[in-house]
Every structure is written in C-alpha cells, then in structure tokens.
Amino acid sequence: MINTKEIERRAYLTYHKDGIIDIYLGLLIVMLSIVMLSTLFVGTEAFMMWGGMAGTFALFPIFYRESKKRYTFPRLGYVKFSEKKGRSRNSIMMLLGLGTLSALMGLWAFFLGSKGDVLWVETIITHWHWFLASLFLGLFLLFGYITDLKRLYYYGLGSFVLFASGNFVPVMGFWLVLALGGAMMTTGLILLQRFKREYPLESRARDE
Amino acid sequence: MSDPEGSTRDLDVSEIDKVIHEPARLGIVAHLYVLDSADALFLKNQMGLTWGNLSSHLARLEDAGYVEVIKEFVDRKPVTSLRLTQRGREAFRSYRDQMKGILDDLPP
C-alpha cells in the first residue's frame, strides 16, 4: 500500500542531498580549530575568541537558509515540510543543540575571562581528548537522529576515533579538529557538485 | 466472485476515486499529503514526470478541487506552490481506506 512515511522520508533526504549541512557544520568545526590555535598566541584575551565563536554558532541557521535559497531551491524546487508530521521538532532540536553549543562556548569564554580556578574545568582540560571525542560523538548522534542523515552518524564515529587517537599519537588538538572539519567540508562540496549535476537549473517560467 | 462458504461477495471497484487512482496523480496527491506545500519543480523531480505530463495531472487535480495553487514570495521571488485542499486530504484518506479494504478482502 501507499507508505506515506517513506514518501516523506525520501522527500526529506532529497532536500539534504545538496551537502550544504555538511559544508556549514564542517566550516564551524574548522573555525573552532582556528580559535583553538589562536588561543595559543592570544593568551589572556582568548575568551573574546570563544565568545565570538559562540556568536558564529548562533548565526549558522541564517547562512544555512541563504545557501538553500541560492543552490537548492532553484534546482530541486521549493518545498515546505509539514509541521504536523514532526519535522518541527527538528528545527526546535537543532536550535536547542546550537543554543547549547553556543552556551558552552560562552561558558568557556567566561571561564577564560574570569581566570577562575574551577576543578571540573581543570579535569576537562587534562582529559580533553576523551572530552572532545565524547562531545562530538554525542552531538553528531543527536543531529543524525534529528535529521535522519546517516552520514552524520559516520562523522560522529570518525570524530570519536580521531580524538581518542590523540591519546596515543602526540598531535595538537587543533590539528585533529581541523582534520575533522576539513573532511566534512570536502564531503559537503563533493555532494554539492554531484547535486548540481543531478539537478541542473531549469527554466522556472513554467511555474509562473 | 464467490467464497468457499457459498455466499457471494463482489469486489466493488465502481466507487474508487478515479481522479486519485491514476498512478501519477496518486503519487502527486501522496506527496502533497505528507508535505505542507511544494512547487511543480519539486514534484517533477520527485516523481520523474515530464512537464507536460505533470501539468495535465495537476490540472485534473485542480479541477477536482483536490489541489490548490498558492502564489507566494520567497526571498522577494514569486513562487507558485501547490497544496492539497481539505477536500483533497479527505479524498486521499478515503481512497487509502477503500484500497486497504479491497486488498484486505482478497484471499491470501
């Protein structure tokens, strides 16, 4: 019989075939690595960099939406997913996830700015490989669940292996973060190229 | 058609909604049932139809009052979106129940 759930799922996956979410998530992670590197040189003013990073996370939905309008809608067509079908939870959960990340960045900026002596933060700094491995794994699993995009699960697994390996390989943290962000952006760009080939621009005159 | 118990039962297909029953239109209605709205380009890409084919099916669905055309602006650009009407939603649900009933009645 007619499987409406499958129809909706396929429409949603087609909407995300463009790789734009990979590009922007990768870009955010690359920016994170640059901030991590810059804090080595900036020193006591590092909290400003982290604060700026928190603001960038908050702007992500705007950049994402604009890219969709530029690349996806002209090729794939315009679609609105039904709020009643539960996709509204995706927008809310995504905002919650980004809001949490933004808050964590802000908290980190506050800690650096206040120069306080907080024990749990010291513990995180000491075991930062495992902390980052778990954090990225958790975030990717969450976003993968929200968006139904299986490749986010692979990013999570890859990031866990990458950061955990930092315990055994003497590599500075920002290199690992840069590698992860770079891999995601590259994947996104490849997907976007493939998407543009699969959905060439058509005359929209038929719509009017 | 008769069943082993001897009573007669007909497969009543006369009341099947022929507007929705056509495969391409069924696909269009099913897509619009799960989406809030979509433009013709999206439906064409999802269904794999040609423009001419899609246009004629959309016209048929619009004539039946199942689909409505909405002209809106997205980023200051005009977009013509399609949405299932309440009548269209009820017709699809009714069609789905009818077909389920017919298929469930069939012997294994």
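Rule-based calculations on the coordinates, nothing more; no lab input. This one's a predicted model, so the numbers in the text were calculated from it and none came from an experiment. Every residue, glycine as well, gets a Cβ built from its backbone with ideal geometry; the counts of neighbours run over all protein chains shown.
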Please rank B:Thr50, A:Thr187, fewest neighbouring Cβ atoms within 10 Å first, as an exposure proxy.
B:Thr50, A:Thr187
Pulled fully out, how much extra length does the chain show between A:Ile2 and A:Arg194, if you take 0.36 nm times their separation in residues and subtract their Cα-Cα distance?
66.1 nm
Ignoring everything except DSSP H segments at least 4 long, calculate the 222 nm mean residue ellipticity for chain B; use -39,500 (n - 2.57) per segment, divide by total residues, nearest 500.
-16000 deg cm²/dmol
If we count every other residue with Cβ under 14 angstrom of A:Leu59's Cβ, Lys/Arg +1 and Asp/Glu -1, where does the sum land?
0
Taking neighbour Cβ counts within 10 Å as the exposure measure, how do A:Tyr154, B:Tyr95 sort from fewest upward?
A:Tyr154, B:Tyr95
Can you figure out the FRET efficiency of A:Glu66 with A:Val169, using R₀ = 45 Å and their beta-carbon distance, to the nearest 0.05?
0.70
Burial ordering of B:Lys18, B:Lys44, A:Lys68, fewest other beta-carbon atoms within 10 Å first:
B:Lys18, A:Lys68, B:Lys44
Cβ-Cβ cut-off under 13 Å around A:Leu192, Lys and Arg +1, Asp and Glu -1: the net charge is +4
